[in-house]
Amino acid sequence: MRSKKYSGSDFAILLILCLWGFILLFPFYNSVLISLVPQHVFQRSPLLLYPKELTFSSYSYVFHSDLLLTGLRNTVFIAVVGTVYNVLLTVSAAYTLTKPIPGRKFFMAFIIFTMFFSGGLIPFYLQVKNLGLVNTVWAMILPTGMTVMYMLIMQSYFRTIPAEIEESARLDGANEIEILFQIILPLSLPMLATITLFYGVERWNEWYNGMLFISDVQKYPLQLLIMNMLQSVNSLQAAIPQAQQHEAAFSLGMQMAAVIVSMLPIVCLYPFLQKYFVKGLTLGSVKL
C-alpha cells in the first residue's frame, strides 16, 4: 500500500488552519485565565499564556449572590419551556404550509412580511401589557413564538420527504397529527435537532424582554442578573481609589467568570447534538 505524499501546499493549508484555529480559540482561553488569576497578575501581563497564580475569588463573587440560583432556575425554565414552545409552533407552521390549504399563499406572504417589518417597540410593549404578561416569566416566552427563517428552513426540508410515505400512512388510517409526530419528525431528526439548538441558545441568552417587562428581581433571567451584577461591580471599582484597587474586587475577572458560568451549560450540551447539528446545517443549505 503506497503512502500518500504531502506537498508543500498541503502543509501551508494545514499551517493556515492551525493559525486560524488558534486565533479563534485563544480569546476564550484567555478569558478563562483572566477569571482564574488575581488582578495584580493580570496588570503585570494582560496577555496571559498560562496562570502564574490561581484564585477563585471571581467565581466566589459570582456564586455568592443569593439571586444566582433563582436566576439560573428562571433561565432553565425559560430555556426548556420556551424551546419546546418555539419548536412546536415552528414545526406546526412549517408542516401546515407544505399542504395545499386554502389561502396558503396569503398566510405565507403574511408570515414572511414579519421578517422585514414590525409594529415597533411601543406597540409591542402595550400588547404584552394588555395580555397581562408584564412582570411574569411568560413575558420572556410567549411574545417570541417563532423565528420565520427557521420555519422556512424546516418547511423546505419537509418538502423533500416523499409524498408516498404520507399517502401510505393515510391508507393505514393515520391522521395528520400521527403522520407528523410518528413519521415526519423521526425522519427529520437532524433538522429538528439543529432548530432546537438554535432556539435553546436564544432562550438561554434571554435578557432583553426581561429588561423590558420584569421589575421583580426574583424573576430575572440569569443573563440579566449577571449584567446587573457586573454593572454594580464596575460602579464599585470606579469608586475605589487607584492606590487601593489591588485589594478590591477584580472587575474584569468577575466579568470573565460570569461569561464562563453563563455559557458552560450550552458548551456541555453541544457535543451531544453536534452530529445532528452538522448534518442538519448541511441538509438545510442544500435544500434551500
- Would you be able to say whether some residue in the range 149-167 is of a type outside the set (Lys, Arg), in a helix (DSSP H, G or I) and closer than 23 Å to Leu224 by Cβ? no
- Message: Go through (1) at pLDDT 80 or above; (2) exposed (fewer than 15 other Cβ atoms within 10 Å of the Cβ) for Gln43 and report which single condition fails.
- Response: (1)
- Query: If you take just the helices (runs of 4 or more DSSP H) that sit entirely in the range 57-125, which of them hold at least 3 residues that are under 28 Å from Asn228 (Cα atoms)?
  - Reply: 57-64, 67-96
- Query: Pairs under 7 Å by beta carbon, first residue more than 17 Å from Ser92 (Cβ to Cβ) in the range 102-129, partner of a type outside the set (A, V, I, L, M) and surrounded by 10 or more Cβ atoms within 10 Å (Cβ to Cβ), six or more apart or different chains?
  - Reply: Val128/Pro143; Val128/Phe213
- Can you spot a residue in the range 189-204 that is assigned to a loop (DSSP other than H, G, I, E, B) and either in the same structural domain as Phe272 (by TED's automatic domain parsing) or surrounded by fewer than 20 Cβ atoms within 10 Å (Cβ to Cβ) (or both)? no
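Let me confirm something: among Leu97, Leu88, Leu67, which residue is assigned by TED's automatic domain parsing to the domain that holds Met229, touching a residue at least 12 places away in the same chain (Cβ under 8 Å) and within 30 Å of Leu185 (Cα to Cα)? Spell out the reasoning first.
Values: Leu88 fails: touching a residue at least 12 places away in the same chain (Cβ under 8 Å); Leu67 fails: within 30 Å of Leu185 (Cα to Cα).
Sole residue among the options that is assigned by TED's automatic domain parsing to the domain that holds Met229, touching a residue at least 12 places away in the same chain (Cβ under 8 Å) and within 30 Å of Leu185 (Cα to Cα): Leu97.
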- Message: Which of the numbered conditions does Asp216 fail, given that it passes all the others? Conditions: (1) buried (at least 19 other Cβ atoms within 10 Å of the Cβ); (2) at pLDDT 80 or above.
- Response: (1)
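Answer yes or no as to whether Gly253 is crowded, with 16+ Cβ neighbours inside 10 Å, out of contact with any strand residue (DSSP E or B) (no Cβ under 6 Å at 6 or more places or on another chain) and modelled with pLDDT under 50.
Values: crowded, with 16+ Cβ neighbours inside 10 Å: yes; out of contact with any strand residue (DSSP E or B) (no Cβ under 6 Å at 6 or more places or on another chain): yes; modelled with pLDDT under 50: no.
No: the conditions fail for Gly253.
Assigned to a helix (DSSP H, G or I), in contact (Cβ under 8 Å) with a residue 24 or more places away in the chain and not assigned by TED's automatic domain parsing to the domain that holds Gln218 - does that describe any residue in the range 1-19? I'd like the intermediate steps shown before the answer.
Taking the range 1-19 first, the residues assigned to a helix (DSSP H, G or I) are 8-19.
Still in the running and in contact (Cβ under 8 Å) with a residue 24 or more places away in the chain: none.
Checking the range 1-19: not a single residue is assigned to a helix (DSSP H, G or I), in contact (Cβ under 8 Å) with a residue 24 or more places away in the chain and not assigned by TED's automatic domain parsing to the domain that holds Gln218.
The values are calculated or read from the model by the stated rules, or taken from the named source; none is laboratory data. Just so it is clear, the structure is predicted and the values come from calculations on it, not from any experiment. As a convention, Cβ positions derive from the backbone with ideal geometry for all residues, glycine included, and neighbour counts pool all protein chains shown.
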